[in-house]
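J.: Sharing a structure with you now.
The values are calculated or read from the model by the stated rules, or taken from the named source; none is laboratory data. It should be emphasised that the depicted structure is a prediction, and the values quoted were computed from it without experimental measurement. So basically every Cβ, Gly included, is an ideal-geometry build from the backbone, and we count neighbours across all protein chains shown. Note: areas computed on protein heavy atoms with side chains; ligands, DNA, RNA excluded. Shrake-Rupley method; radii C 1.70, N 1.55, O 1.52, S 1.80 Å.
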Amino acid sequence: MAPDRQTGAVVKSLRPQNYNEVLYVGHFFRKGVPVLMDLSDVTDAEAKQIVDFATGLVFGRGGAMDRVDRRLFLLQP
């Protein structure tokens with residue numbers, strides 16, 4: 001995959017600090033940039049909400065989501 005023109009990144013790595021930061025996950029994913037989402041800094045309840053949001057995002061776009069580790073997910077458009 002060619003690097004994203006605006007960020008220069010092939011994969012955007014994000015570590016949300018709370019559910020409100022899921023906005024950034026959606027922003028990059030909708031631009032077609034794969035997102036590596038690290039949920040190690042959020043509570044279990046917030047992690048579940050973020051994963052639920054990401055699942056809907058991936059489903060709506062016809063992408064894929066892989067669990068890399070316990071709290072690490074790769075979203076692919």
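J.: Restricting attention to the range 1-32, and to residues there that are surrounded by fewer than 14 Cβ atoms within 10 Å (Cβ to Cβ) and among the β-branched types (Val, Ile, Thr), which single residue is modelled with the highest pLDDT?
T.: Selected residue: Val10.
J.: Determine the pairs where a residue that is over 12 Å from Arg61 (Cβ atoms) and β-branched (Val, Ile, Thr), located within the range 17-33, has a partner that is assigned to a helix (DSSP H, G or I) and open to solvent by less than 90 Å² (accessible area, probe 1.4 Å) with Cβ atoms under 6 Å apart, the partner being 6 or more residues away or on another chain.
T.: If the second residue must be assigned to a helix (DSSP H, G or I) and open to solvent by less than 90 Å² (accessible area, probe 1.4 Å), the pairs left are Val22/Ile50; Val22/Phe53.
J.: For the range 48-77, which residues satisfy the criterion of being over 15 Å from Phe28 (Cβ atoms) and β-branched (Val, Ile, Thr)?
T.: Correct list: Val51, Thr55, Val68.
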